[in-house]
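Visitor: This is the structure I have questions about; it appears just below.
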Amino acid sequence: MESDNLKAFGSAGEIGASCFLLTLNGQKILLDCGIHPKKEGYESLPQVDFSQGKPNTGLITHAHLDHIGALPLLTPQIPFFTTKASKSIAKIMLKNSANIQMKKYLDQPDENCIPLFSEKDARRAVRSLRTFSRSGTLQLRGKVFVNALPAGHILGARSFFIQTPTLSVLYTGDISLTDQITVKAADYGNIQPDIVIIECTLGAEENIAVQRNEQVMNFADQINYLFARRESVLCPTFALGKTQEMLAICDYLINSGKIKPVPIAINGMGAKITRIYRTYLKNRMPYYNPIEVSDLSYSTLNQLLESGPMIMLFTSGMLIEDTPSARVAEQILPSTKHGIFFVGYLDPETPGYKVLHNPMGSKIQLLKNKIPTEKLNPNIKSFRFTSHSDKTHLVNLVESLNPSKVILIHGEKAALENVKNLISNQVETIIPKRGDQISL
Ligand SMILES: [Zn+2]
């Protein structure tokens with residue numbers, strides 16, 4: 001029988017496409033199967049290798065595309081398990097992913113970027129997803145027992161505690177170790193895993209989390225400054241997780257009288273996923289009814305901006321060219337009215353990063369086939385409302401779990417190295433590369 005091991009197919013040495021094959025007691029368990037957020041076509045897929053046998057089971061931690069994006073290519077062969085909420089979200093995420101891939105290909109045919117799957121494949125994949133029972137446990141063959149534990153992060157997210165009679169492994173997936181309004185912090189009870197496979201998205205030194213209450217109050221102050229001048233704010237948000245958490249934060253600020261009760265607008269995917277959050281989180285989702293904007297023509301966007309103070313939670317979170325948030329930003333950036341408040345991670349190669357960091361007077365491309373927009377707006381701010389964990393939380397978690405081996409994944413090099421430096425004098429710490437096989 002093959003000895004216990006972990007193979008890294010993606011998200012190793014980078015954030016990338018999460019996908020790992022865990023072999024325990026002869027059972028092969030595929031952990032997540034995402035696509036690379038910065039790559040396209042076959043390049044975006046994890047490098048799976050089933051030469052030593054196909055997985056018996058797949059486990060999906062949550063419904064971000066870097067954890068589920070390759071599901072339609074693997075579901076015909078492998079039974080995957082996830083939570084009911086993740087299954088509901090996956091339906092929307094994978095359908096949208098199929099449509100975007102097809103549209104891109106039709107707009108600009110490129111044989112290296114052939115769509116990986118169709119909308120029909122996405123539907124079939126989601127239909128085949130099995131869901132955990134209320135207990136969140138699963139008994140596999142070979143005396144392998146799986147326990148799905150709350151991971152925080154986004155609705156439906158779970159970490160997996162996988163045990164055999166001789167070894168136990170915790171695979172965190174993406175985790176938040178502090179409460180958000182929409183989802184509480186990860187909760188592992190008092191498990192004592194031998195091996196911990198842990199994400200390090202925000203492990204770098206500069207990503208130290210700011211006190212959340214402080215951020216919320218600072219956000220409110222800046223909003224009040226704009227509202228006093230009857231101006232609006234654009235918060236570019238990710239459709240899944242950030243839109244709903246920002247909606248909840250704005251709802252809290254309005255209900256507690258900390259900001260004026262102004263309309264909040266959301267759009268497209270953000271609106272669709274908000275409906276799922278409302279279904280699953282009846283008590284924790286705001287009663288406040290956002291306006292769902294479907295007409296994103298310039299005249300409508302202009303009308304919205306000029307109709308008085310408003311909060312726009314529009315996708316995409318990084319102002320990717322031509323997206324609704326980029327269209328609104330294109331109107332705000334060259335004026336001295338209104339503001340753009342970033343509330344999530346910005347990749348340095350994206351327009352959002354340039355809008356925040358480039359000096360006044362610089363020109364930034366927000367729309368394809370149009371001249372770049374000049375940055376003249378003084379109200380461009382950034383706030384940290386993270387759904388991941390910083391290095392302090394990650395290190396504290398590892399110390400409390402007290403494993404004999406830690407495998408660091410899902411982070412850029414600086415983040416992975418930083419966390420390794422902080423824990424490697426206490427516990428054996430490994431940063432795998434893609435394709436590596438680690439004995440457990
Ligand atoms: Zn995630």
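Visitor: How large is the accessible surface of Y42 in square angstrom, using a 1.4 angstrom probe and rounding to the nearest 10?
Guide: Probe radius 1.4 Å; accessible area of Y42 about 140 Å².
Visitor: Post the alpha-carbon centroid distance, segment 343-383 to segment 171-205, in whole angstrom.
Guide: That distance is 32 Å.
Visitor: Would you mind working out the accessible area per residue for the chain, using a 1.4 Å probe, and quoting it in Å²?
Guide: Numbers: 18860 Å² over 440 residues.
Averaged over the residues of the chain, the accessible area is 43 Å².
Visitor: Considering only protein heavy atoms, what is the solvent-accessible area of M217 at a probe of 1.4 Å, reported in Å² to the nearest 10?
Guide: 70
Visitor: Based on DSSP, what percent of beta bridges with both residues in the chain are antiparallel, to the nearest 5? Could the numbers behind the result be given before it?
Guide: Values: 29 of 63 bridges.
The answer is about 45 percent antiparallel.
Visitor: Put +1 on the Cβ of each Lys and Arg and -1 on the Cβ of each Asp and Glu in segment 210-382; which of L281, P236, T323 then has its Cα farthest toward the positive end of the dipole?
Guide: It is L281, whose Cα lies furthest towards the positive end.
Visitor: Using a 1.4 angstrom probe on heavy atoms only, work out the carbon and sulfur share of the accessible area of segment 240-302 in %. Numbers along the way, then the final one.
Guide: Details: 1520 of 2820 Å².
Carbon and sulfur together cover 54 percent of it.
Visitor: Considering only DSSP beta bridges whose two residues both sit in segment 210-382, what percent are antiparallel, to the nearest 5? Present the calculation step by step, with values, prior to reporting the outcome.
Guide: Values: 2 of 17 bridges.
Around 10 percent of the beta bridges assigned by DSSP in segment 210-382 are antiparallel ones.
Visitor: Shifting gears a bit: Against the longest alpha carbon principal axis of the chain, how many degrees, from 0 to 90 and to the nearest 10, is the axis of helix 242-255 turned?
Guide: That works out to roughly 50 degrees.
Visitor: Would you calculate the separation in nanometres between label points at S118 and L296, each defined as 7 Å from the Cα along the Cα-to-beta-carbon direction?
Guide: 2.6
Visitor: Moving on to the next point. Give me the orientation-averaged projected area of the Cα convex hull of segment 210-382, in nm², one decimal. Can you show the working numbers first?
Guide: Working: hull surface 38.2 nm².
Taking the Cα atoms of segment 210-382, their convex hull projects to 9.6 nm² on average.
Visitor: Further question on the same structure: How would you classify segment 118-211 from its alpha-carbon gyration tensor, with a ≥ b ≥ c the square roots of the eigenvalues: rounded for a/c under 1.5, else prolate if a/b is greater than b/c, otherwise oblate? Please report the intermediate quantities before stating the final value.
Guide: Working: a/c = 1.89, a/b = 1.16, b/c = 1.63.
Because a/c hits 1.5 or more and a/b fails to exceed b/c, segment 118-211 counts as oblate.
Visitor: Determine Rg/Rh for segment 296-402; Rg is computed over alpha-carbon atoms and Rh is the Kirkwood hydrodynamic estimate from the same atoms. Working shown, then result.
Guide: Details: Rg = 16.7 Å, Rh = 15.2 Å.
Here the Rg-to-Rh quotient is 1.10.
Visitor: Over the chain, what per residue volume does the convex hull of the Cα atoms give, in whole Å³? Don't skip to the end; give the middle numbers.
Guide: Working: hull volume 60.7 nm³, N = 440.
It is 138 Å³ per residue.
Visitor: Follow-up. Using only Cα atoms, find the angle between the long axis of helix 391-401 and the longest principal axis of the chain, and express it within 0 to 90 degrees, rounded to the nearest 10.
Guide: Around 30 degrees separate the two axes.
Visitor: Restricting things to Cα coordinates, could you compute the convex hull volume per residue of segment 343-393 in Å³?
Guide: Working: hull volume 5.2 nm³, N = 51.
Normalising the Cα hull of segment 343-393 by residue number yields 101 Å³.
Visitor: Once label points are set 7 Å from the Cα along Cα→Cβ at both I208 and S404, what is their separation, rounded to one decimal in nm?
Guide: Reported label-point gap for I208 and S404 is 3.6 nm.
Visitor: Run the numbers for H357 and F50: contour at 0.36 nm per residue of separation, minus the present Cα-Cα distance, in nm.
Guide: 106.1 nm
Visitor: How much solvent-accessible surface does R278 expose, in Å² to the nearest 10, with a 1.4 Å probe and all protein chains in place?
Guide: 70
Visitor: Let me ask another. DSSP beta bridges in segment 1-149, what fraction antiparallel, as a percent rounded to 5? It would help to have the intermediate numbers written out before the result.
Guide: Values: 14 of 21 bridges.
So the antiparallel bridges amount to about 65 percent of the total.
Visitor: Could you sort E428, E111, E231 by accessible area so the largest value comes first, with the probe set to 1.4 Å? Can you show the working numbers first?
Guide: Values: E428 100, E111 150, E231 15 Å².
The ranking, largest first, comes out as E111, E428, E231.
Visitor: Let me ask something additional. By how many degrees, between 0 and 90 and to the nearest 10, does the Cα long axis of helix 413-423 differ from the longest principal axis of the chain?
Guide: The helix 413-423 is inclined about 60 degrees to the chain.
The values are calculated or read from the model by the stated rules, or taken from the named source; none is laboratory data. Because the structure is predicted, anything quoted here is derived from the model rather than measured. Using ideal geometry, Cβ is built from the backbone for each residue, glycine included, and neighbour counts are taken over all protein chains shown. Ligands, DNA and RNA are stripped out before the accessible areas are found, and what is left, the full protein with its side chains, is counted by its heavy atoms. Shrake-Rupley method; radii C 1.70, N 1.55, O 1.52, S 1.80 Å.
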